[in-house]
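Asker: Here's a structure for you.
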């Protein structure tokens, strides 16, 4: 099962790939995309009506209170702001999914933009209705606090998820003879929902062997202290698949019937202890890791998408994801921690290009899909060219995109070859416009080379998408501005871009050797038990607010020439919707097409007056006062909490400090914020925000 919340526009690659490998070995598995089911459920008419009613009822309840403490103020404000969104959803015509799946409306800029905004409105309403949780595609957050294991346990067992009834329905549908259920946690946003789903499976199929796996759970578990690994296993799952899952699931399938029939915990665990790449917990509490297995890609079968209805995904035409390589051929970038590895990246392996071309041809024939995203860490330049030639040799006429690392190997002739073979968009890991930072990153290339190779791709007719970031340890504000000004200089040859902000990942080279990169302290928030991202203190201290403002303003200025939108929409790097717009409107799609819609596409038309009382109720509390108090407190609190380090707390064997950001820290802080009263009660006693 692929749990929520992630991209609903195309099927993710991992489970069809796993199914293809297992089917070739006689193991019968069924793939269920519950992320897609949750996305459809969210936009059903009855769901949207129930959401609007829930927002309205809760807003009336809070607005009727004689006073609001700080958490009440935050929830009241979220509900107040969600009322307009909820009203928009009740006047949802045409429905967003109908727009995304329509071969005509999908390409109309106003229709597409309004459909996207309506999905955003649904998540705004969902987040307010289920406060303090926050939702979006690739987001399931616990208010502003990091996820602790206590918070995860409450969420999973208390049916706090808005998808709880959906999970129960699907858990009941599992056949009585299902012996093994695997939940694939690809993205961190899926973990809370995967645990909620796991407990639904436990309630309805208590004898099934339940296992977690996938890249996100791998990266979380790899760096957890042993006590938290043990807690994850004893509270939520029977086993956790680390690294690659093919041999793991095959071995589990062979043992599942015996595991179900076993009479006691020691007998059950004996069946799991030798399963490749499986972490399990013995009855005495000892953690046991099975033998390591790494897949040889030279003779793997094609993915099997047969369990999935490809026409239910949110797009007007089918697409497939295919992984011809695993790992990264470069594997040296300082900031990177990607995939199924302990640190940095996994070992690089390739499906022979002729075999990959043959499989892509067969997948196209069986599914009718014309578009493919080559979903891998990165294609080596030589492999990309060899695969392109193999596609041409077989006469395969697919349109495809992928992530590439710029190398001098890409000549004008080779770029044209890639374009002839169907490459229409390439996302480049540009990272920085400063050669000093590129050398510090160990990118293996420089600004001049990337400028030239990008030009060759663009001139060959391939849309280029730049992935950059600022705030790498040691980067100055001027070096950050170099990145942004470079994008502006190359705007005619850059078709889409993102400027992210550096985050220190636990498995990166920087996290392993922070002193090499000018970091004087690495630490975690006290409530952050997943430990995906570390906090750090650079030797020179953080940038000034003025420098931050200069960089943000420069990014905003260059971004005005593009229609940039977040994942998974058109206008985000490496998405299905983006590729389809490039194919239809050419490389300049995000500089010309959506701009035709102008202001009409930036906000939804005014909805008719809602019949839901709570959505049209005149608030008793003053919105400006509540907003001012909430925003002022949070602005000061988060800076203080994240950048204050206290000694003495050990989250793991290497920790010497922590930041006071946990549920208990937050509760102490908000106790100092004054309560607010409604306007009608305050009179001369009006209290503004705490100063």
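The values are calculated or read from the model by the stated rules, or taken from the named source; none is laboratory data. Given the structure is predicted, the values throughout are model-derived calculations rather than measurements. As a convention, Cβ positions derive from the backbone with ideal geometry for all residues, glycine included, and neighbour counts pool all protein chains shown.
Asker: Here are 36, 15: which of them is modelled with pLDDT of 95 or more, assigned to a helix (DSSP H, G or I) and out of contact with any strand residue (DSSP E or B) (no Cβ under 7 Å at 6 or more places or on another chain)?
Answerer: Just one listed residue meets the conditions, 36.
Asker: Looking at the stretch 195-208, which of its residues are within 17 Å of residue 252 (Cβ to Cβ) and either part of a loop (DSSP other than H, G, I, E, B) or in contact (Cβ under 8 Å) with a residue 60 or more places away in the chain (or both)?
Answerer: Across the stretch 195-208, the qualifying residues are 205, 207, 208.
Asker: Mind listing whichever residues of the stretch 525-543 are farther than 20 Å from residue 432 by Cβ and either touching a helix residue (DSSP H, G or I) at 6+ places or on another chain (Cβ under 8 Å) or modelled with pLDDT of 90 or more (or both)?
Answerer: Once the filter is applied, which keeps residues that are farther than 20 Å from residue 432 by Cβ and either touching a helix residue (DSSP H, G or I) at 6+ places or on another chain (Cβ under 8 Å) or modelled with pLDDT of 90 or more (or both), the stretch 525-543 yields 525, 526, 527, 528, 529, 530, 531, 532, 534, 535, 537.
Asker: Which of the residues spanning the stretch 163-190 are closer than 11 Å to residue 4 by Cβ and either out of contact with any helix residue (DSSP H, G or I) (no Cβ under 6 Å at 6 or more places or on another chain) or in a helix (DSSP H, G or I) (or both)?
Answerer: Correct list: 166, 167, 189, 190.
Asker: What is the residue count in the stretch 322-347 for residues that are surrounded by fewer than 19 Cβ atoms within 10 Å (Cβ to Cβ) and closer than 15 Å to residue 218 by Cα?
Answerer: Adding up the residues that qualify gives 2.
Asker: If you take the residues of the stretch 503-517 that are crowded, with 17+ Cβ neighbours inside 10 Å and in a loop (DSSP other than H, G, I, E, B), which of them is modelled with the highest pLDDT?
Answerer: The qualifying residue modelled with the highest pLDDT is 508.
Asker: Does residue 565 satisfy the criteria of being under 23 Å from the mean Cα position of the chain (by Cα), assigned to a helix (DSSP H, G or I) and more than 25 Å from residue 440 (Cα to Cα)?
Answerer: Answer is no for this residue.
Asker: Okay, next question. Among the numbered criteria (1) over 17 Å from residue 22 (Cβ atoms); (2) part of a helix (DSSP H, G or I); (3) without any contact (Cβ under 8 Å) to a residue 40 or more places away in the chain, which single criterion is violated by residue 251?
Answerer: Checking residue 251 against (1) over 17 Å from residue 22 (Cβ atoms); (2) part of a helix (DSSP H, G or I); (3) without any contact (Cβ under 8 Å) to a residue 40 or more places away in the chain, the one that fails is (1).
Asker: Looking only at the stretch 403-420, count how many residues are without any contact (Cβ under 8 Å) to a residue 40 or more places away in the chain and under 30 Å from the mean Cα position of the chain (by Cα).
Answerer: 1
Asker: Output the residues belonging to the stretch 217-233 that are part of a helix (DSSP H, G or I) and in contact (Cβ under 8 Å) with a residue 40 or more places away in the chain.
Answerer: Correct list: 218, 219, 220, 221, 222, 226, 228, 229, 230, 231, 232, 233.
Asker: Continuing with this model, one more query. Within the stretch 600-691, which helices (runs of 4 or more DSSP H) (wholly inside it) include 3 or more residues that are touching a helix residue (DSSP H, G or I) at 6+ places or on another chain (Cβ under 9 Å), under 30 Å from residue 521 (Cβ atoms) and modelled with pLDDT of 85 or more?
Answerer: Helices (runs of 4 or more DSSP H) meeting the threshold: 623-643, 663-670.
Asker: Now a separate question. Could you check residue 379 against (1) surrounded by 21 or more Cβ atoms within 10 Å (Cβ to Cβ); (2) modelled with pLDDT of 95 or more; (3) closer than 27 Å to residue 306 by Cα and say which number it fails?
Answerer: It fails just one condition, (2).
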